[in-house]
Amino acid sequence: MSKFLDYIKIAFANIKMNKVRSFLTMLGLVIGISSVVLTVSTGNGFRDSIYNTLNDMVGNSIYLLAADENHYITEEDIKAIEEKVNNVKGVTTDVTIWVDVESESRFAPDEVSARFGTPALQYLYSEPLVRGRYFTQEEYDNYEHVCVVPEATAKAFFGSTDVLGEILEIELYGSYYNLKIVGVREDSESAATQMLYGTGKYTIEVPHSLINESLGAYGISLEHDMVYILADSQENVAQVANDAVNLVAARHDVRGEGKFEVLRFDSVLEGFNAILNVITAFIVLIAMISLLVGGIGIMNIMLVSVTERTKEIGIRKALGARTGSILFQFLVEAGTISLLGGIIGIFIGIGGATLICSLAGSLAKMNIVADYNPLFILVVALFSSGIGVFFGLYPARKAAKLTPIEALRRK
């Protein structure tokens, strides 16, 4: 152990004597290791953030659609699913229409995206209500003119979030409707919500029955191309999806004909996660090229070091130093240089990943945190040291095989 510590001291002494050369030797490894750490930490941070955001929004959702133009999902089908399928939290349509909106206090020139659904539409949001309540099934069935708005929409039209009972006038299919605000939802900080649902900055949530009213279809059962089914937990998604599609198919007497299909968002998320992992692995593979370049640099500088220290090797061998000791000394020196380069690269990679995730999170309005895996960082540190040992093996063997006479003769 004492000899090993002595070899480390000698290695540090040689690094200090040739600071610039040692730094240039480490540079390839620093770039490679920092690239790997930055890529993996940033990639994992983005993956986890996007996955968690989407999972919060649609992780328990099932997309039931009519795959045949002669068959539609009716209001009776929706009620049957809610009543007869176990572990269902709710079923809702989700139709987004851009509408012109006015209020009694101010006018917003931009269009507003109105999302039409059943009372279960509230479950598609992860943000809670901060004021009031959601519209009820009774209001839905009675075609009542009510709505729920996010805080941003309330502030845009009324200047505050204290808007319960206020009226928003919307134009839908050429008719105007006065919607009473019954609830205010907390704003979503995520840009993923707008991208996923195709909504804008300002939205309102309205009973889907208003579409029937605007089309003059009072009392006529609404028919839908698709609906969202919300399971009560992610563990029950597969069971709910299977039971729901079988129930609707049986109600339409088309069981086994593929007239209705389901898309499970948990499966989509798993596929999305797998794609991100493949992309991260590919980028890491490219970054490994820098590690190869760094290893070659270590081999080159160690060969130079052997040449410069030939007489030192000859004197040590003449004094009885063993071949194994000379070999081990140069391996320790190569490993020390690469380990230092790896440590510097790790800190640069961590700092870069933290900065990138912070900036990206601010721009995307998402909580993106770089994911540092301690085990991965330890493996990277050991790997960087291993590169030095591997590429330093040839110069070390070359030094160890020198005979005392041959070494002392060289200039």
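Points worth noting:
For (1) within 17 Å of residue 393 (Cα to Cα); (2) open to solvent by 60 Å² or more (accessible area, probe 1.4 Å); (3) at pLDDT below 75; (4) in a helix (DSSP H, G or I), each residue gets a yes or a no:
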{"site": "283", "(1), (2), (3), (4)": "no, yes, yes, yes"}
{"site": "297", "(1), (2), (3), (4)": "yes, no, yes, yes"}
{"site": "314", "(1), (2), (3), (4)": "no, no, yes, yes"}
{"site": "341", "(1), (2), (3), (4)": "no, no, no, yes"}
{"site": "346", "(1), (2), (3), (4)": "no, no, no, yes"}
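- Failed condition for residue 322, given (1) at pLDDT below 70; (2) surrounded by fewer than 18 Cβ atoms within 10 Å (Cβ to Cβ): (1)
- Listed by first and then second residue, the pairs linking a residue in region 71-87 that is over 17 Å from residue 261 (Cα atoms) to a residue that is assigned to a loop (DSSP other than H, G, I, E, B), with Cβ atoms under 8 Å apart and 6 or more places separating them unless they lie on different chains, are 75/221; 75/222; 76/221; 87/232; 87/233.
- When we screen 75, 82 for residues that are closer than 15 Å to residue 121 by Cβ and either modelled with pLDDT of 90 or more or touching a Cys at 6+ places or on another chain (Cβ under 9 Å) (or both), the only hit is 82.
For (1) hydrophobic (A, V, I, L, M, F, W, C); (2) farther than 15 Å from residue 111 by Cβ; (3) more than 37 Å from the chain's Cα centre (by Cα), each residue gets a yes or a no:
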residue	(1), (2), (3)
134	no, yes, no
141	no, yes, yes
148	yes, yes, no
151	no, yes, no
155	no, yes, no
160	no, yes, no
165	no, yes, yes
172	yes, no, yes
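- As a summary of the residue check, residue 260 satisfies the conditions (1) in contact with a Lys or Arg (Cβ under 7 Å, 6 or more places away or on another chain); (2) hydrophobic (A, V, I, L, M, F, W, C); (3) in contact (Cβ under 8 Å) with a residue 60 or more places away in the chain except for the one numbered (1).
- Filter result for residue 248 (in a helix (DSSP H, G or I) and either more than 30 Å from residue 143 (Cβ to Cβ) or among the acidic types (Asp, Glu) (or both)): no
- Residues in region 89-111 that are at pLDDT 85 or above and either open to solvent by less than 30 Å² (accessible area, probe 1.4 Å) or of a type in the set (S, T, N, Q) (or both): 90, 91, 92, 93, 94, 96, 99.
- When region 257-272 is filtered for residues that are surrounded by fewer than 17 Cβ atoms within 10 Å (Cβ to Cβ) and more than 17 Å from residue 239 (Cα to Cα), the ones remaining, listed by number, are 257, 258, 270, 271, 272.
- Pairs meeting the criteria (first residue in region 358-380 and more than 14 Å from residue 34 (Cα to Cα) and outside any loop (DSSP other than H, G, I, E, B), second residue open to solvent by 50 Å² or more (accessible area, probe 1.4 Å) and of a type outside the set (Ser, Thr, Tyr), beta carbons under 7 Å, at least 6 apart or on different chains) are 361/367.
The values are calculated or read from the model by the stated rules, or taken from the named source; none is laboratory data. Predicted model, so just to flag it, every value in this text is computed and none were measured. Ideal geometry is used to build each Cβ from the backbone, glycine not excepted, and the neighbour counts take in all protein chains shown. For accessibility, only protein heavy atoms count, side chains too; no ligands or nucleic acids. Shrake-Rupley method; radii C 1.70, N 1.55, O 1.52, S 1.80 Å.
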